[in-house]
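Below: one structure, written as structure tokens.
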Amino acid sequence: MEQGDLAEVLRLYDELVTETRKEVGCINYELLQRTDNPCELVLAEEWESQEHLDAHTHTEHFVRLVEALDKLETAAPAQIFTKVL
């Protein structure tokens with residue numbers, strides 16, 4: 001993303017994080033910012049099940065906010081991990 005878009009991107013993520021944390025099945029949902037590059041952001045999510053995650057991606061706030069974020073930032077491919085310990 002462009003440095004000039006950072007404030008708007010953070011505003012959109014603030015709404016996304018706030019609304020997502022209210023969802024059934026959301027264990028953890030955090031936006032992390034790289035300390036040496038404030039324009040590099042990562043979402044760390046933990047869900048009770050794949051079904052909860054799938055439902056999340058169809059919520060009104062997710063669809064609306066991701067559409068707006070896609071116009072402002074270049075996203076790296078999603079990486080999905082499973083807790084082992």
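Quick notes on this one:
- Whole-Hz ³J(HN,Hα) from phi, Karplus 6.51 cos²θ - 1.76 cosθ + 1.60, for the range 10-25, glycine and proline x: 5, 4, 5, 5, 4, 5, 4, 5, 4, 6, 5, 4, 7, 6, 4, x
- Mean projection area, nm², convex hull over Cα of the chain: 6.0
- This model, with +1 at the C-beta of Lys and Arg and -1 at the C-beta of Asp and Glu, gives the chain a dipole about its Cα centre of some 140 debye.
- Only beta bridges with both residues in the chain are counted; by DSSP, about 100 percent of them are antiparallel.
- Approximate spin-label separation Val17-Val63, in nm, with each point projected 7 Å along Cα-to-Cβ: 2.5
Read-outs: derived from the displayed coordinates by stated rules, not from any lab. For clarity, every value in this text was computed on a predicted model and none was experimentally measured. As a convention, Cβ positions derive from the backbone with ideal geometry for all residues, glycine included, and neighbour counts pool all protein chains shown.
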